Amino acid sequence: MRFAHEGEAGLYFAIGRVSRYDASMTEPTPKPGILDIELYVGGRSSAPGAAKVYKLSSNESALGPSPAAMAALAAAAQDLQLYPDGSSRLLREAIGKVHDLDPARIMVGGEGSGPLLTMIANAYLMPGDEAIFSRHAFLIYEIATRANAARPVIVAEKVTNSGIRIDVDAMLASVTAKTRIVYIANPNNPTGSYLTRDEMKKLHAGLPAHVLLVIDAAYGEFVDAADYDTGLELARAHDNVAMTRTFSKIHGLAALRLGWAYVPQAVADVLNRIRGPFPTSPLQQQAGAAAIADQAHVARAAAHNAKWRKWLTQEIRALGLKVDDSVANFVLIHFPSGPKDAKAADAFLIARGVILRGVGAYGLPDCLRLTVGTEEANRAAVAALKDFIAQ
Ligand SMILES: Cc1ncc(COP(=O)(O)O)c(C=O)c1O
């Protein structure tokens, strides 16, 4: 008997995997690896019974979107009968103008930056290949790797006085002949720490030329450290560096589901072949272009974040809790074991309408992640934590 996909089945055999076209199969069977994926669960958004709810669980913007983006969205909604421009030229040119980038190397994603990270894996990972990322990294890297029957190589971070930091030497020591992608979130979610420009350069310099370094700078605009770079410096200069960004965080457009990436021209040529024909809607194109052009709004959001991130860090440390240094729009709070542990804190805060993010799925069951919110939300969070500690 011959199978329609015999070539593909042969490929699985060739690399030492059992063919998924097995005569004993009695039902549609997914690719190997997919059923090993834990379902991604987003931040909680409800606090039943609480009079007022402060959602500080998903690293959303405290200020919301630029008014210019909202006006552009409303205007774009007038022509919903028309197909969009499949090349998303207006948006890519707007991004290119603000960041001085070649629009031909910009990919945009109409489901946020998460699916762009996945699309890179879909294009570059074969079954048996390896992708490296850190233990407490954004969950999508593991999902994208497993979805391609590739092997996640998970590298422990270093625990330092300032927090949990990616270990560049350990990452480099994990590279093998099978490595195809290294994913780094910079800054990292949920730790809030970052690699300096020099550390990232060292990581890149140690990688073989065929390994793609994917720098996920979803929170890059919030960083005010002078020794930080979003990854654009490396991405401009090298054929094996891609950088991803999102409109969900500093631009306050999480509901719009829009992300972008700056990739080498050869990678753009590959991704353009497998992307959907209309990756972004006119609403996304117009609102995204207006949002990125409004750099005054971006600066306001970054200033608000820096002020309140510092305040939250100081106030929560003053309660006796360990808070890691963060450069992003959230802080990671450590709780002791016993009756005042992270689980008890989470339950107490939810009853008060303050929703934080449990990060057990990120390997940090003793921590909660708190997003920097409005002044009112930040004060409510600290007051609730204070009462939790005092009870
Ligand atoms: C590190 C990191 N990368 C990427 C994303 C994806 O954001 P989006 O898909 O909304 O663009 C997130 C969202 O939480 C994130 O934390």
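Values as computed for the structure displayed
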{"item": "15 Å beta-carbon shell around Leu117, net charge (K/R +1, D/E -1)", "result": "+3"}
{"item": "Potential lengthening between Ala104 and Phe278 on full extension [0.36 nm per residue; Cα-Cα distance subtracted]", "result": "61.0 nm"}
{"item": "The chain: mean projected area of Cα convex hull, nm²", "result": "22.2 nm²"}
{"item": "3J(HN,Hα) from dihedral phi, segment 270-287, Karplus parametrisation 6.51/-1.76/1.60, rounded to Hz, x for glycine, proline", "result": "6, 5, 5, 6, 10, 5, x, x, 10, x, 10, 7, x, 4, 5, 4, 6, 5"}
{"item": "Radius 12 Å from Cβ of Asp229, net charge of other residues (Lys, Arg +1; Asp, Glu -1)", "result": "-1"}
{"item": "Whole-Hz ³J(HN,Hα) from phi, Karplus 6.51 cos²θ - 1.76 cosθ + 1.60, for segment 141-153, glycine and proline x", "result": "4, 6, 4, 5, 5, 5, 5, 9, 6, 9, 9, x, 10"}
{"item": "Cut-off under 5 Å, modelled amide H: who pairs with Val155 long-range", "result": "Phe133, Ser134, Arg135"}
{"item": "Extension gain from Asp79 to Lys386, taking 0.36 nm per residue of separation minus the Cα-Cα distance", "result": "105.4 nm"}
{"item": "From phi via Karplus (6.51, -1.76, 1.60), per-residue ³J(HN,Hα) for segment 330-345 in Hz, x at Gly/Pro", "result": "7, 10, 9, 10, 9, 10, x, 7, x, x, 9, 7, 4, 5, 5, 5"}
{"item": "Loop-exposed chymotrypsin sites (Phe, Trp or Tyr not before Pro) per DSSP, neighbour cap 13 Cβ within 10 angstrom, longest uninterrupted part of the chain", "result": "41-391"}
{"item": "Nearest-ten-degree value, helix 295-318 long axis tilted from longest Cα axis of the chain", "result": "60 degrees"}
{"item": "Pairs beyond 29 Å (Cα-Cα), from Lys31/Lys249; Lys55/Lys322; Lys158/Lys178; Lys310/Lys343; Lys55/Lys307", "result": "Lys31/Lys249"}
{"item": "Nearest-20 debye value, the chain charge dipole, Cβ charges on Lys, Arg, Asp, Glu", "result": "540 debye"}
{"item": "Fraction of antiparallel bridges per DSSP, the chain only, in percent to nearest 5", "result": "50 percent"}
{"item": "Per residue value of the accessible surface for segment 129-237 (all protein chains in place, 1.4 Å probe), Å²", "result": "35 Å²"}
{"item": "Surface share of carbon and sulfur [accessible, 1.4 angstrom probe, percent] for segment 143-247", "result": "52 percent"}
{"item": "Rel. contact order, % - alpha carbon contacts under 8 angstrom, at least six apart, the chain", "result": "23 percent"}
{"item": "Environment charge at Ser88 (Cβ cut-off 15 Å; Lys +1, Arg +1, Asp -1, Glu -1)", "result": "+3"}
{"item": "Positive-end residue of Leu172, Ser248, Ala94, charge dipole of the chain with Cβ unit charges", "result": "Ser248"}
{"item": "Charge-dipole axis of the chain as Lys and Arg at +1 and Asp and Glu at -1 on Cβ define it, positive-most pick from Ile350, Val270, Ala237", "result": "Ile350"}
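The values are calculated or read from the model by the stated rules, or taken from the named source; none is laboratory data. Predicted, not measured: the structure shown is a model, and the values here were computed from it. Cβ atoms come from the backbone with ideal geometry, glycine included; neighbour counts cover every protein chain shown. In case anyone asks, the SASA skips ligands and DNA or RNA and just uses the protein heavy atoms, side chains included. Shrake-Rupley method; radii C 1.70, N 1.55, O 1.52, S 1.80 Å.
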